[in-house]
Amino acid sequence: MAAFAGLGVTRRGLPWIVAGAPRRNVWSPFREEKKPAVAETLEEVKEEPILVCPPLRSRTYVPPKDLQSRLESRVKEIFGSSAPSNWQDISLEDGHLKFSFLSRLADDLGHAVPNSRLHEMCRVRDVLDFYNVPVQDRCKFDELMASNLPPNVKITWGY
């Protein structure tokens, strides 16, 4: 042990360390120094734009006066010009035809059939009935304020 101590090598614990040489100099050929990437990621985060929520979409829908003629023209366009005279009784069992028919109507009228009601659209007549119903974009509180309330009932929005 004295021979090793004279050479500058001592034994401390399990590893052998060269006396007088810092530990990083001994292991540096085997390790690559890591560069700090934290500063770069912070700069990237600062450059991202702040997301702003879009305004709420209005769901108001008023059926057009020529709704029946529009539906009939779409039926002839999708199902072919050889559509039967009773075009309202055409079945929508084929998924591809149903999708193309409803998507074109949604683009044309600006009002789509919600997912929760798609299973109810079995015939063209069901689609016609759906698009004949007007939709108002008002909540119940707005409707109550517009109605004739008794004098002892008041609705205030400043809460």
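The values are calculated or read from the model by the stated rules, or taken from the named source; none is laboratory data. Keep in mind the model is a prediction, meaning the values are calculated, not measured. Neighbour counts are summed over all protein chains in view; Cβ atoms, including those assigned to glycine, are modelled from backbone coordinates with ideal geometry. For accessibility, only protein heavy atoms count, side chains too; no ligands or nucleic acids. Shrake-Rupley method; radii C 1.70, N 1.55, O 1.52, S 1.80 Å.
For every residue, the table says whether it meets (1) outside any helix (DSSP H, G or I); (2) in contact with a strand residue (DSSP E or B) (Cβ under 6 Å, 6 or more places away or on another chain); (3) open to solvent by less than 40 Å² (accessible area, probe 1.4 Å).
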| site | (1), (2), (3) |
| --- | --- |
| Pro63 | yes, no, yes |
| Glu72 | no, no, no |
| Leu102 | no, no, yes |
| Leu105 | no, no, yes |
| Ser116 | no, no, no |
| His119 | no, no, no |
| Tyr131 | no, no, yes |
| Pro150 | yes, no, no |
| Lys154 | yes, no, no |
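Only residues that are of a type outside the set (Phe, Trp, Tyr) and surrounded by 14 or more Cβ atoms within 10 Å (Cβ to Cβ) were counted across region 84-100, and they come to 6.
Residues in region 133-148 that are exposed (fewer than 10 other Cβ atoms within 10 Å of the Cβ) and not hydroxyl-bearing (Ser, Thr, Tyr): Val133, Cys139, Lys140, Ala146, Asn148.
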